[in-house]
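Structure first, then comments.
Derivation of every value follows stated rules applied to the coordinates shown; laboratory data play no part. No experiment lies behind these values; they were computed from the predicted model shown. Because the Cβ atoms are built from the backbone with ideal geometry, glycine has one as well, and the counts that use them run over all protein chains shown.
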Amino acid sequence: MTTLGLLGSVVLLIWLALRGVNIIFASLLCSLIVILTNDLPLATGLGEYFSFGPLGAFTFAGKFFLLFAAGAMFGRVMGDSHAASSIALSLVRKLGADRALWITVLACALLTYGGVVVFVVIFAMYPLGLKLLQEANIPKRLFCAALALGAGTFTLTALPGTPSIHNVIASVSLGTDLFAGFWPGVIGGLAMFGLGMWYLERERKKAQLAGEGFEAGPNDRIVDLHDDDYPSWLTSLLPLALVLALIILPRVFADNASSDSMLASALAFANSQPVIWPSLALIIGSVLACILFPVVRPQALHIMGHGTNDAIIPLINTAAVIGFGGVVTKTIGFEAFTTAMLDSGLPPLLSAFTSVSLVSAITGSASGGLQIFMQTLAPAYLEMGVPVEDLHRIATIASGGFDSLPHCGAVVAMLTITGLTHKQAYKDVGIITVVIPVVVCLGLIAGMMVL
């Protein structure tokens, strides 16, 4: 009963998400099923494991509230000021409308590899992406897939040196540096990028032949103006450039500042705050945009207020799914699974891949799954003789595969922000974020076993 309840609740949550059922209700329902079938205390299960535990819904919401609010505020200001549209139109004129998906993927990849949090990338890119899609007449579902490829695959788990939380978790837990598993990471990252772009371009051409084009959602704010009414693209870039500079430059100059100077203290603070500092950067960028663009200046406070309101639903939707994972990790079935993986008799690297993948799938979180794996299972694989650098890279890449099933918090957030349903967009997102990373990771493991 405990195993059936655990697996059944995961399957049910995925099915409900694909059917378009409200994800908050679905997460609560499936959490309740896990609690009842696994004989967990009802009050503790809902009040602690789901709400306030290490993977609790409100633990997540509290930690990321400012980031979501600041990101939505920045997106709203850049959209209402038409700055995002101006940048998009300039890119289309210079590179061609048919390069819209390439622009999206490469821009997202540069942002995430520079250390910008995935949620910030979604908020920052969406207003710009809307105009790109409109100009190129590309379906929004493919924009979601391009966003996922650039922000949630190779730069997040594969490329050596990425400052993503996943790479940091592995580094801290194993005592390696961020460049551990250099060549598997490079090969895996290039393979994910190449396969992802091949799929996106194939789907774009198929959509074009089928007459499928861009359709704005009910909450999409796109205003067609005369060319003279758009702000200069150079001016429009300034808020975005300021945000990126504030986020990335502290990493670049941290080692060059005198250790006892005020600058060193400021840089140390920025680098020690992966949530607060990017949030402050987004708020500063929003203020600069309100100063630069006369269209939003008279109503600046109202527009920023509307932006923070835009963050509430994506934040709560994402938090509810994370809370479900918090309940799952407290079950006997989950403990039995971790034991079974160690005794499976599979080759160690393949066993590690399976362990990380299933934990990430159950929790719907790559970082959560990887952290649980590192705390509970990684030492046993090291004792089996798995090279620490290989374990670092394979475990990190594996965490970014099955985590992106329909109940994944980041997927839910992206679809909520873009106004699409799982039915409309998940097939493309799933191929980009689940199928391709899993195939690449298994290919890397096969290569390591042969060599």
ask   = So if R0 is 45 Å, what FRET efficiency would VAL450 and TRP15 give, r being the distance between their Cβ atoms, rounded to the nearest 0.05?
value = 0.70
ask   = So between LYS94 and THR354, what do we pick up on full extension, going 0.36 nm a residue minus the alpha carbon distance?
value = 89.1 nm
remark   = Expressed in angstrom and rounded, the centroid-to-centroid distance over alpha carbons for region 193-221 and region 83-116 is 15
task = Mind checking the full-extension length gain between LYS63 and ALA43? Use 0.36 nm per residue of separation minus the Cα-Cα distance, one decimal, nm.
result = 4.9 nm
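Where does each of 375-385, 18-28, 284-294 land if you order them by average Cβ count within 10 Å, highest first?
Order by mean packing, descending: 284-294, 18-28, 375-385.
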note = Summing -39500 (n - 2.57) over every DSSP H run of at least 4 in the chain, dividing by its residue total and rounding to the nearest 500, the 222 nm mean residue ellipticity is -23000 deg cm²/dmol
inquiry  = Please report, ordered by residue number, every helix of the chain (full DSSP H runs) that is 27 Å or longer along its axis going by C-alpha atoms and whose mean Kyte-Doolittle hydropathy reaches 1.0.
reply    = 57-80, 233-253
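For the chain, what's the relative contact order in percent, using C-alpha pairs closer than 8 Å and at least 6 residues apart? Walk me through the numbers on the way to the answer.
Numbers: 700 pairs, mean separation 119.7, N = 451.
This gives 27 percent for the chain.
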request  = Using Cα positions and a limit of under 16 Å, work out the aspartates and glutamates in reach of LYS330, with same-chain residues fewer than 8 apart set aside.
outcome  = ASP39, GLU48
message = What whole-number distance in Å separates the alpha-carbon centres of region 302-370 and region 158-176?
response = 18
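Going by average Cβ neighbours within 10 Å, how do the peptides 138-147, 421-430 rank, with the highest at the top?
Details: 138-147: 25.5, 421-430: 19.3.
Averaged packing, sorted descending, gives the order 138-147, 421-430.
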inquiry  = Give me the extension gain from ALA380 to ILE312: residue separation times 0.36 nm, minus the current Cα-Cα distance, reported in nm with one decimal.
reply    = 20.4 nm
message = Need the list of lysines near LYS140 for cross-linking: C-alpha distance under 19 angstrom, and skip anything on the same chain fewer than eight residues off.
response = LYS131, LYS205, LYS206, LYS423, LYS427
